[in-house]
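Only one structure is covered here, and it is reproduced in the block below.
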Amino acid sequence: MSILAKPWHLTPKAKLLKELGTSPERGLSQGEARDRLARLGANLLVSKRKEGPWRIFLRQFQDFMVLVLLGTVVVSILLGEYLDATAIFAIVFLNAILGFSQEYKAERSLDMLGKLAAPHSKVLRDGHKAVVDAATLVPGDIIFLEPGDRVPADALILESQVLSVDESNLTGESVPVTKDAAFQGSASTAIGDLKNIVFKSTLVTRGYATCLVVATGMDTEIGEIAHLLQEEVEVQTPLQKRLGQLGKVLVLACLAIVAVVFLAGVKQGLPVYKMFMVGVTLAVAAIPEGLPAVVTIALSLGVQRMSKQNAIIRQLPAVETLGCATVICSDKTGTLTLNQMEVESLWTASQGFVANAGGRVQLKGEVGDALYYATATGALCTKAEAYRDGDFFGEPTEVALLRLAERSSFGGQSTWRREFKEVDSLPFDSERKRMTVIVRQGAEHIAFVKGAPDVILQRCSHIMVGSNVVPLTQKQRLLVLEALEVMADDALRVLATAHKSLGKKLTPSSGWEQGLIFTSLIGMLDPPRPEVPSAIWDARQGGIRTIMVTGDHKKTAAAIAERIGLMGKLAQGPSEVLTGAEWEALTPLEQKKKIQSVAVFARVAPSHKLSIVRALKENGEIVAMTGDGVNDAPAVKEAQIGVSMGIQGTDVTREASDMVLLDDNFGTIIKAVREGRGIYDNIRKFIRYLLGCNVGEVLTMLVATLLGLPLPLVPMQILWMNLVTDGLPAIALGLDPADQDLMLEKPRNPREGVFARGLLKRILFSGTVISLTTLGIFVLSLWYYPGDELRSRTMAFTTLVLAQLVFSFQCRFERHSIFDKGILGNTYLIIAVLLSFAAQVLILYHPFMANMFQTVPLRGEDWLLVGLFAIFPLFLETVLRLVKRGLRRHLALLKV
């Protein structure tokens, strides 16, 4: 919202600041910001209205098969079968509650993830810079923009440096607009020409700015057309699409079988109404029309688990792709390392390496010497801030240089800023690899420059030796390079500093970074994350190759790679280190071949990242690429799995990614891969269980009808199984924890079908054995209890239910028997099975329920028979597994 009247761009800045009760030096107070947020509302666009709980519940009754059942209820009432009608409606209602609880939980999970992935903004409050949720911004806030930021609100530019903004989503103009804080428009100036205003949701492509928020939420320019943004397109995952197609085939097959059962029953003289009920309930139980929806629930709940491990999935299809990843291209700083920079070493031409005092360099020099200018560069050539209370705000590398200045004998940042007033700057970006600040000391202008040593050194013509400036000879260049090699060998991240006097009259910016005076090399230690070596080992065990992609010096990158096990004696596979320049010199064909032997890419520019991803994809790899900067977005988007950083990442890279790491940690990627594999495995378990049970039920009815046997199941029993044995245990299988052996397997082929790796055979085998077991006890009990068809049917019904409950434990493992792994790994499944068993006992022994479901209480000897027959499928599968295992060992011995 806004508390100002338009047009803001015509109001003088001083007046706007006064009206909004703020200042560029301190911003709003935290208390005032809270009050305005409560009064004006959150800085959010009105989104498409979410479905409420009642709508989700009512949607459970819109499914075609549920409508068929409700129609059956009406038919039953018209025919006077009130008990059948009551029972069917009760089961439909219970099924709706079960479906609602899962879908509502999944919806809430996705909503929570949306909040976790919400954009943030750098803001000035009470004189301190902080990062806050963009939704909490209010008019009067002072915000800071840099490349890659999504502008969080409509704001007036107070100060800017070479600022360009992509406003295509607002104006349709594809070329970024150059902004100017000094621009003065008129009342008729078009939106696209307002060069002193930045608009919510547009993208900063270049430069920096300090801005005054003038409008938030629906009162912004984009808010006025927010209705265009309310359409949400539901994206189906490849698995959901395949299951949707499979479901159509299964519907036709099930309807054909149901028709056979119906006609065969009528031909045998059974009542048409009874066979109609059997046909309808069998179709409802057998047709897996809910498979795609169940996959969505499984993916959503899995994504929620991943969020608890600091991995936010932005697109559901990425969960499937994670299990297929074969290569992870990872940034070094902050992902493989802690991004906790501390200056470890400093080199100047006169003093060499400055002594390291307990891991903290403490500078003591003379005014005007190399140490003096090195400290000045750290304090002035920076976007970081040092506050009086000892806090720092900024990027870790700049904060480390600022700490160095604060601990020096020359005074802190505030001291330097009193003497040197900033006039202009050339911001850092990943292409330039340097940053320049122009300051004025008295009447003189000075350029302070910092950046990559090779970039700075080639722009230097002189070097400081003590307090003297001398020409930079070839011999001195070699000394600098030797010092750089020493630091790189110690795995230090190295920056070079330089300066240049520009005289009293400021020259054009093209000459600011030429003919510089070299002052120092500063080496910073960024230790590897403790968990990274084991994560890389886990990835390697799981058939996933890790490639380090960094802008650091070749030797620094190699030293870190050895520390984390990516290279060296313990590493297996590729071990070469290649620079961006060496990579760029190769032809695409040579790149495709060379990349198979590279473990580390150093001195890499964002454009190199894109070609690295493409070369890997050409080799058939499934690539996960990390990125944080604005220029990383194309490579992140090109990869099958784009990974952005939640702490250091820019808004544009997060938007291009499939997954956001809240902790910027490489280990989190491996956890996400493991979880992704686990989610896909759980979906396969669910499919195996659901279809295996359906095959068992359909075959039982089909074979019994074709053989002229009495019906082994009545409609109410079929519907009961659809709720009890296909409901709770199936959902519990979707919550199965990931198998510890998952990361010992090779990545899954993304093109494999739903029934790959023998799943269809296992489904048909299990369903057939369960059916034969049910028919076996039915025929036996008909012989053992002649004339007591009700007892025989009860025993067959209970055996089928128990066999399916036992089968749920079998479905947990594809490669092992439950005797190898045990049954205690999934608490949800144990509870679900116990509840289902208790419910089955209830309908056997409670008079009203027994009457409704046409059952009788079972005796002790009945339970003994039921138990033996129910565990027979498990017994048979275990015997066959042992036989196969023995044959494999025998064949292996023969080969030896």
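The values are calculated or read from the model by the stated rules, or taken from the named source; none is laboratory data. Here the structure is a predicted model, which means the values were calculated and not measured. Heads up, the Cβs are rebuilt from the backbone with ideal geometry, glycines too, and the neighbour counts pull from every protein chain shown. SASA here: full protein model, heavy atoms, side chains in, ligands and nucleic acids out. Shrake-Rupley method; radii C 1.70, N 1.55, O 1.52, S 1.80 Å.
A compact table of results
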quantity	calculated
Cα centroid separation - the range 493-530 against the range 776-796, whole Å	91 Å
Restricting the range 120-189 to GluC sites (Glu not before Pro) in coil, as DSSP defines it, with at most 14 other Cβ within 10 Å	Glu173
Label-point separation in nm, Leu255 to Thr415, each point 7 Å along Cα→Cβ	8.6 nm
Value in Å of the Kirkwood radius, where the range 771-823 supplies the Cα pairs that are averaged	12.4 Å
Charge dipole (debye, nearest 20) of the chain; +1 at Cβ of Lys and Arg, -1 at Cβ of Asp and Glu	1460 debye
Accessible area in the full protein assembly, largest first, 1.4 Å probe, for His608, His128	His128, His608
Net dipole in debye of the range 659-707 [+1 Lys, Arg Cβ; -1 Asp, Glu Cβ; about Cα centre; nearest 20]	160 debye
Sparsely packed GluC sites (Glu not before Pro) within the range 398-491, loop by DSSP, other Cβ within 10 Å at most 13	Glu431
Rg and Dmax of the range 478-535, Cα atoms only, in Å	17.5, 57
Residue order for Arg540, Arg888 - accessible surface, 1.4 angstrom probe, largest first	Arg888, Arg540
Whole-number Å³ per residue for the convex hull built on Cα positions in the range 122-195	116 Å³
Whole-Hz ³J(HN,Hα) from phi, Karplus 6.51 cos²θ - 1.76 cosθ + 1.60, for the range 516-524, glycine and proline x	6, 9, 5, 10, 7, 10, 10, x, 10
Ranking by accessible area, most exposed first, for Leu824, Leu744 with a 1.4 Å probe	Leu824, Leu744
Other-chain or far-sequence residues with amide H under 5 Å of Ser350's (modelled H)	Gly466
Protection proxy ranking, peptides 18-28, 710-720, 499-509, average beta carbon neighbours within 10 Å, highest first	710-720, 18-28, 499-509
Between helix 291-307 and the chain: long-axis angle, C-alpha atoms, 0 to 90°, nearest 10	40 degrees
Computed [θ] at 222 nm, helices only, for the chain once each DSSP H run of length n ≥ 4 contributes -39500 (n - 2.57)	-15000 deg cm²/dmol
Label-point separation in nm, Leu876 to Asp741, each point 7 Å along Cα→Cβ	2.4 nm
Rg and Dmax [Cα atoms of the range 345-440; Å; Rg one decimal, Dmax integer]	13.4, 37
